[in-house]
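> Below are the structure tokens for one structure; questions will follow.
The values are calculated or read from the model by the stated rules, or taken from the named source; none is laboratory data. Because the structure is a prediction, the values reported are computed rather than measured. Cβ coordinates were reconstructed from backbone atoms using ideal geometry, including for glycine residues, and neighbour counts include every protein chain displayed.
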Ligand SMILES: [Cu+2]
């Protein structure tokens, strides 16, 4: 009897003091990387897989980083003429419980606008993701120009859009 009671007391203690910490890990980020930027560029982009392990539907509503004046959630979409355009995702990015949202080249991405310094290969930049329920989640993103998109079926499109996207974008934001 005695060891059981002690064990229960132990687990009660563990749950009590690790609960708030555990809540901070309900959002998992995999394979995050940013493209490097040239000295003249005022914008940059980052990509990742975002997994919701919180058990509840949530929404990514904002992003910030000390390397840029602001960070926007962007999407690519094709207009009636087949031209790819990018723009801000209205209302944030919903991520249902146990679902994954993929930010990738040619698709949704984090857009850094008003870069305060160039994104240099192998740098690690700090980014804060703001969720409706999970709150602020701090992540680190490696600048890795060599990284290839993970999904084979997307490679053709990703390459095509990757060349158009952020050079034209820099002009838009100036
Ligand atoms: Cu963009």
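> I'd like to verify a number: residues in segment 37-55 that are more than 13 Å from residue 139 (Cβ to Cβ) and either modelled with pLDDT of 95 or more or within 15 Å of the ligand (Cβ to nearest atom) (or both), how many?
Looking only at segment 37-55, we keep the residues that are more than 13 Å from residue 139 (Cβ to Cβ), and these are 37-45, 52-55.
Now restrict to residues that are either modelled with pLDDT of 95 or more or within 15 Å of the ligand (Cβ to nearest atom) (or both): 37, 41-45, 52.
Final tally of qualifying residues: 7.
> Within segment 69-97, which residues are more than 12 Å from the ligand (Cβ to nearest atom), in a strand (DSSP E or B) and buried (at least 16 other Cβ atoms within 10 Å of the Cβ)?
Within segment 69-97, 93, 95 qualify.
> May I ask you to list the residues in segment 56-84 that are modelled with pLDDT of 90 or more, touching a strand residue (DSSP E or B) at 6+ places or on another chain (Cβ under 8 Å) and over 14 Å from residue 45 (Cβ atoms)?
Answer for segment 56-84, where residues must be modelled with pLDDT of 90 or more, touching a strand residue (DSSP E or B) at 6+ places or on another chain (Cβ under 8 Å) and over 14 Å from residue 45 (Cβ atoms): 57, 58, 59, 60, 61, 62, 64, 66, 69.
> Condition first: within 16 Å of the ligand (Cβ to nearest atom), assigned to a loop (DSSP other than H, G, I, E, B), over 25 Å from residue 41 (Cβ atoms) and at pLDDT 95 or above. Can you find one or more residues in segment 108-123 that meet it?
The answer is no; no qualifying residue exists.
> May I pose another question? Which condition does residue 105 not pass, out of (1) within 16 Å of the ligand (Cβ to nearest atom); (2) without any contact (Cβ under 8 Å) to a residue 24 or more places away in the chain; (3) not in a strand (DSSP E or B), if it passes all the others?
Evaluating residue 105 over (1) within 16 Å of the ligand (Cβ to nearest atom); (2) without any contact (Cβ under 8 Å) to a residue 24 or more places away in the chain; (3) not in a strand (DSSP E or B) leaves (2) as the failure.
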